[in-house]
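Contents: one structure, followed by commentary.
The values are calculated or read from the model by the stated rules, or taken from the named source; none is laboratory data. Values in this document were obtained by computation on a predicted structure and should not be read as measured data. Cβ: placed from backbone, ideal geometry, glycine included. Neighbour counts: every protein chain shown.
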Amino acid sequence: MRFRPATAADVPMIHALVESAYRGESSRAGWSTEADLLGGQRTDAAEIRSCIERERSVVLLLERDSELVACAHVAEEDRAGYFGMFSVRPTLQGGGLGKTVLAEAERIVRDEWKLSEMRMTVIDVRDELIAFYERRGYRRTGVKKPFPYGDERFGLPKRDDLRFEVLAKRLA
């Protein structure tokens, strides 16, 4: 397996992976699905392209035999690392790939960018996902952010109580 940064040519396969991990029936093969919370899309090609092109930002790809198996967006925001768009092929979830991607993202933020904290936002009703991050040293900050209801770029909510919570971890 190998890591590499995404390029614009990778946008279609990143988009397909992200959508398969979060939305629709294909996402139910893994444990990270949001299909019961949200319909519609998780992201779009323009957002992925923007993540690839912006400064102090990388879409990290994990490939096995030249096949994309996982990805994550890692960026600098407010003097800390930000981890998002984390996706593992649903049929491969639970096998350690996610832990490997998260560790590499933390290494980039800590060792290459010299930042001492990683943050992320997680839908606060996703207890199993939050527990996954807590086992890896992340803590709930209590900082809540509203879900962007009405903006279909982020999905079609199936509930009216969705919001994000910021999780954080000291890296140094």
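Numbers below:
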item: Any hit, segment 53-62, residues being of a type in the set (Ser, Thr, Tyr) and surrounded by 14 or more Cβ atoms within 10 Å (Cβ to Cβ); result: yes
item: So Arg79, is it of a type in the set (Lys, Arg), at pLDDT 95 or above and either within 16 Å of Val11 (Cα to Cα) or exposed (fewer than 13 other Cβ atoms within 10 Å of the Cβ) (or both); result: yes
item: Per-region count, segment 79-116, residues over 12 Å from Gly30 (Cα atoms), in a loop (DSSP other than H, G, I, E, B) and without any contact (Cβ under 8 Å) to a residue 24 or more places away in the chain; result: 2
item: Subset of segment 143-167 (residues that are surrounded by fewer than 16 Cβ atoms within 10 Å (Cβ to Cβ), in contact (Cβ under 8 Å) with a residue 24 or more places away in the chain and outside any loop (DSSP other than H, G, I, E, B)); result: Lys145, Glu152, Arg153, Leu156, Arg163
item: Subset of segment 4-28 that is of a type outside the set (Val, Ile, Thr) and not in a helix (DSSP H, G or I) - its residue that is farthest from Thr100 (Cα to Cα); result: Gly24
item: Residues being basic (Lys, Arg), farther than 15 Å from Ser87 by Cβ and in contact (Cβ under 8 Å) with a residue 24 or more places away in the chain - total across segment 25-60; result: 2
